[in-house]
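Let me begin by presenting the structure, written as structure tokens, before commenting on it.
The values are calculated or read from the model by the stated rules, or taken from the named source; none is laboratory data. Every value quoted in this text rests on a predicted model; they were computed, and no experiment measured them. Virtual Cβ from ideal backbone geometry, glycine too; neighbours counted across all protein chains shown. For the accessible areas, the whole protein counts, side chains as well, though only heavy atoms, and no ligand, DNA or RNA atoms are used. Shrake-Rupley method; radii C 1.70, N 1.55, O 1.52, S 1.80 Å.
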Amino acid sequence: MDERSPLVTYKLSVSTDEGGGRNGRGSGQPAGTRKLSTFLGVVVPTLLAMFSVVLFLRIGMVVGQSGLYETVGMLVLSYFIIGMTVLSVCAISTNGALDAGGAYYMISRALGPEFGGSIGIMFFLANVCGSALYILGLVETIVAMFGIPAGAVERSGVHVLPQSYWYEFLYGTALLFLCLLVCLVGASIYAKATFLIFIVVMVVLITVFISFFAVKEKVINITNGTNHLNGTFTGFQLSTLKDNVYPQYGVDYTTGRMMSFTIVFAVMFNGCTGIMAGSNMSGDLKNPSYSIPRGTITAVIFTYVIYNLLALMISCTCDRTLLKNDYSFLRDINIWPPLVTIGICCSTLSASMSNLIGASRILYALAKDELFGKLFLPAKITSKGGNPWMSVILSWFLVQLVLFAGKLNTIAAIVTIFFLLVYAAVGLACVALEWASAPNFRPTFRYFTWYTCVLGILGCLTMMFLINAIYASASIVFMLILLLCLHYLSPSHSWGFISQALIFHQVRKYLLMLDVRKDHVKFWRPQILLLVSNLRCHKNLITFANDLKKSGLFVLGHVSLEELDVLPSDPLQTQTDLWLQLVDELNIKAFVNLTLSDSVRYGAQQLLFISGLGGMRPNTVIMGFYTRSSTEELLRNELELDHGRSPPLMYTSAGRKQATENFSPWEYVAIISDSIKMSKNVVLARYFSEFDKTHVCSQKGKETYIDVWPLNLLRPDSATYVNTCSLFLLQMACVLNMVRSWKKAKLRLYLCVERESGLHGQEIKLKQLLKDLRIKAAIHTVVWDDVVCLHWHKQVAGNSETSGESYLNFPNNSLRISTDYLEAVNQMILGQNPNLPPAVRFLYLPRPPADTSVYNKFLHQVEMISKNLGPTLLIHGVTPVTSTEL
């Protein structure tokens, strides 16, 4: 689909092929595999992910270490953060069709491939580590129940499992392999398995609440290594509640680490990280846009209520010793202890499966999008039913590696930080879409604002650094590295870029603030419209004009000699892409403005009128110099047009219409006159086919010069260096000298004087002018008595001897310029420092005469005076651009 397609950007068609083939090249999951309902596909996985380790294994530790007040505060803070994130998830998920990938798919389609790909990797790693986290929690429970106590010689009762690092790793591997088998079968069997587990967990949860009321006071013997302690279940007592209200941090008996608010919060927050379990199944849901918001919000509210009730009841019935030293105390106080063990095993196993299948779906989506080229190519392989089994195997392998961590609390902080980073990215995607005010951002879920998004982002980032500043910084740096790699190496995608929408929104706002009535000469800068047609042969001039703009506007203008009436469609749409490719190739900062016209002059007028927007309009027009093409050149141009190539320079010969009739000198001068009438400064660039910026700017040990001739050499009688045009000439030369690649170039200013006028006095005045203008230039005095004497002729009106082609009537009809004078001026310019030629010359361009009948003769004189000078700019300035004020 083309980027300019009017279809909704986020909608992705679902393939009706049977799995899209074994390589998974379909656009999405097969329609037949989208079978999961809201309850089975979102509510159940989300509840089980949030009711896993924390509910059965760590809720007692949280209350025992932090006390009831801080526990409730942690729950409020946790659910506030995830609540803001859930609102963003709901908004994005209801703004179009969702495919496989969950949060990754949402973020990548909202923020673009670079941000989406980097966050997708982080979310994938978060699910991988989360799956390992739940497996380790389950192993911890199994070992606590069935492991042989340390120091025991013989097996007794149910304590039959050996305990050591490698034995526990083996138990975790076996449990993970069971999860792998379920996930390899597919999403439907996973949904059925999780539903059965859900029923078991709900039954266990009910018995837990009943036990608080049914079980009488009892003392529980606790063995932690060589320590033997007695914990007490007191039943509902006010004294127990008072003892458990405030925090009392101590050493965690499983890791030996001193606990703190941030460590406990990191462990407890893992009970909230399951909110994406339903979103991860987006490719398998019947209606993801309907199911994800309703299912996720239902699960979040339910778990929040249960966690608070459980924390309150534990605080009223269990003493600190029991809570801080027996993480499986719910089993010991239950009316039927084995039931809690079954609940723990089922819930943690389900949560691990949820993360494993979620990781596989994210990896499959990354592979299908080919953001990382061929790196994830095997992950695209699917079964006939559409299950990405290869992604499941790759995810399982990475989870297996994480199991080497050994303890749940070891990786809890890492998992939490990864999930928090993803949640922040979801909020960022939503707030970016909201701020961009894109018309196609119309989510059916409206219970969010940009305030909620920002609060969620700030909450996530704050907690990341509170939990572990080093891990948080490292994860952000890793994400940024991924982002940069994707930006420079990833192939382009037509998903749309939120950055473009945000830039448009801000640019429009600031353009409206840019008031042309507040322009001031102190802040003037060149805003250039370069009239060019051949996008292949005039790269030198384009790159030079890019240097000349000095952070100003730069527009490439092109006239296509066509008539829309006789064309089936606008040809400029396809041509624009070629011009934009040139802009990218030359690495210049330029806009492209194309127009259709039946003549070059009228097309140029259109560009002069329409280029720019608001206060951002070109104030300077640059054109290449007029050249008379031979018949062979014209025929070659015609062949280029027939083969679909772009026409030659508009001011040389243009289009099919001009294939047999050369673009006239009169029309060329008329464009100059039109530009001046519109108060545009005019620059004619000559011999820039000879200009090589790389050679000029890379010369070592050789000086680079910029020569400026600020006198109107066609009107030596108006010998002044302080008129608007002369000062504009100086300013443009200074602007070029300020560009980084031209900073080492030296300005040479040529002062043309007659001996009788006082050489020293004029030089002093010019030095003072340069000082006032803060322009550093070397002044070279040129005595041109021999040249200027060729200019003066008797003012004889109608003299037949001076009415030939060698003379030109100026507007005042009193002065005539001879060919001898023009040749002498040309030789004078060439004769200055012949051993140190300049890289570019700046010459004064007179205003075209009012009499349009002598346009051809005017151009002939300009052509003679600039003949063989090398890269030369002939400039006519109409704008005051210099200022001596602060």
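Residues to consider are 542, 503, 588; find the one that is under 30 Å from the mean Cα position of the chain (by Cα), closer than 22 Å to residue 871 by Cβ and in a helix (DSSP H, G or I).
None of the other options fit; the residue is 542.
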**Item:** Residue list for segment 157-173, filter: among the hydrophobic types (A, V, I, L, M, F, W, C) and more than 11 Å from residue 404 (Cβ to Cβ)
**Value:** 158, 160, 161, 170
**Request:** Write out, first by first residue and then by second, each pair whose Cβ atoms fall under 8 Å of each other, whose residues are 6+ apart or on separate chains, and whose first residue, in segment 671-688, is within 20 Å of residue 549 (Cα to Cα) while the second is among the aromatic types (Phe, Trp, Tyr).
**Result:** 678/609; 681/728; 684/625; 685/544; 685/625; 686/625; 687/625; 688/544
**Request:** Test residue 807 against the criterion of being among the hydroxyl-bearing types (Ser, Thr, Tyr), open to solvent by less than 70 Å² (accessible area, probe 1.4 Å), modelled with pLDDT of 85 or more and not in a helix (DSSP H, G or I), and give yes or no.
**Result:** no
**Request:** Test each condition in (1) over 25 Å from the mean Cα position of the chain (by Cα); (2) open to solvent by less than 80 Å² (accessible area, probe 1.4 Å); (3) more than 30 Å from residue 874 (Cβ to Cβ); (4) among the hydroxyl-bearing types (Ser, Thr, Tyr) for residue 452 and report the one that comes out false.
**Result:** (1)
**Prompt:** Of these, 541, 531, 484, 514, which one is at pLDDT below 85, among the aliphatic types (A, V, I, L, M) and within 30 Å of residue 732 (Cβ to Cβ)?
**Reply:** 514
**Request:** State whether the residues of segment 311-325 include one that is open to solvent by 10 Å² or more (accessible area, probe 1.4 Å), modelled with pLDDT of 85 or more and not in a helix (DSSP H, G or I).
**Result:** yes
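Looking at segment 691-723, which of its residues are in a helix (DSSP H, G or I) and in contact with a helix residue (DSSP H, G or I) (Cβ under 8 Å, 6 or more places away or on another chain)?
Filtering segment 691-723 for residues in a helix (DSSP H, G or I) gives 693-697, 716-718.
The answer is 693, 697, 716.
Tell me, yes or no, whether segment 569-581 has at least one residue that is of a type in the set (Gly, Ala, Ser) and either in contact with a strand residue (DSSP E or B) (Cβ under 9 Å, 6 or more places away or on another chain) or not in a loop (DSSP other than H, G, I, E, B) (or both).
No, there is no match, as no residue in segment 569-581 is of a type in the set (Gly, Ala, Ser) and either in contact with a strand residue (DSSP E or B) (Cβ under 9 Å, 6 or more places away or on another chain) or not in a loop (DSSP other than H, G, I, E, B) (or both).
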**Answer residue from segment 28-48, given it is at pLDDT 85 or above and among the hydroxyl-bearing types (Ser, Thr, Tyr) and is nearest to residue 199 (Cα to Cα) among those** = 46
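Taking the conditions exactly as written (modelled with pLDDT under 80 and either within 28 Å of residue 739 (Cα to Cα) or assigned to a helix (DSSP H, G or I) (or both)), does residue 494 satisfy them or not? Break it down into steps so the answer makes sense when it comes.
Numbers: modelled with pLDDT under 80: yes; either within 28 Å of residue 739 (Cα to Cα) or assigned to a helix (DSSP H, G or I) (or both): no.
Spelling it out, it is not the case that residue 494 is modelled with pLDDT under 80 and either within 28 Å of residue 739 (Cα to Cα) or assigned to a helix (DSSP H, G or I) (or both).
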**Prompt:** Filtering segment 433-449 down to residues that are under 21 Å from the mean Cα position of the chain (by Cα) and outside any helix (DSSP H, G or I), which residue is nearest to residue 291 (Cα to Cα)?
**Reply:** 441
**Item:** Conditions (1) at pLDDT below 90; (2) surrounded by fewer than 23 Cβ atoms within 10 Å (Cβ to Cβ); (3) closer than 30 Å to residue 234 by Cβ; number of the one not met by residue 306
**Value:** (1)
**Message:** As an exercise: evaluate residue 216 against (1) in a helix (DSSP H, G or I); (2) open to solvent by 90 Å² or more (accessible area, probe 1.4 Å) and give the number of the one condition it does not meet.
**Reply:** (1)
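Taking the conditions exactly as written (among the aromatic types (Phe, Trp, Tyr) and at pLDDT below 80), does residue 750 satisfy them or not?
On the way: among the aromatic types (Phe, Trp, Tyr): yes; at pLDDT below 80: no.
No, not satisfied.
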**Request:** May I ask you to verify whether residue 624 is modelled with pLDDT of 90 or more and either open to solvent by less than 30 Å² (accessible area, probe 1.4 Å) or out of contact with any Cys (no Cβ under 9 Å at 6 or more places or on another chain) (or both)?
**Result:** yes
**Request:** Inspect segment 724-742 for any residue being within 37 Å of the chain's Cα centre (by Cα), modelled with pLDDT of 85 or more, of a type in the set (Val, Ile, Thr) and not in a helix (DSSP H, G or I) and give the result as yes or no.
**Result:** yes
**Message:** What are the pairs with Cβ atoms under 8 angstrom where one residue, in segment 249-277, is of a type in the set (Lys, Arg) and the other, located anywhere, is open to solvent by 30 Å² or more (accessible area, probe 1.4 Å) and assigned to a helix (DSSP H, G or I)? Sequence gap at least six, or different chains.
**Reply:** 257/263
**Message:** I need a count of the residues in segment 829-864 that are open to solvent by 20 Å² or more (accessible area, probe 1.4 Å) and assigned to a helix (DSSP H, G or I).
**Reply:** 8
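Any chance segment 49-70 includes a residue that's open to solvent by 10 Å² or more (accessible area, probe 1.4 Å), touching a helix residue (DSSP H, G or I) at 6+ places or on another chain (Cβ under 8 Å), assigned to a helix (DSSP H, G or I) and modelled with pLDDT of 85 or more?
Residues of segment 49-70 open to solvent by 10 Å² or more (accessible area, probe 1.4 Å): 68-70.
Among the residues that remain, those that are also touching a helix residue (DSSP H, G or I) at 6+ places or on another chain (Cβ under 8 Å) are: 68, 70.
Then keep just the ones that are assigned to a helix (DSSP H, G or I); that gives 68, 70.
This time we only want the ones that are modelled with pLDDT of 85 or more, so: 68, 70.
Yes: one or more hits.
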**Prompt:** Being more than 30 Å from residue 78 (Cα to Cα), open to solvent by 60 Å² or more (accessible area, probe 1.4 Å) and not in a helix (DSSP H, G or I), is that true of even one residue in segment 469-491?
**Reply:** yes
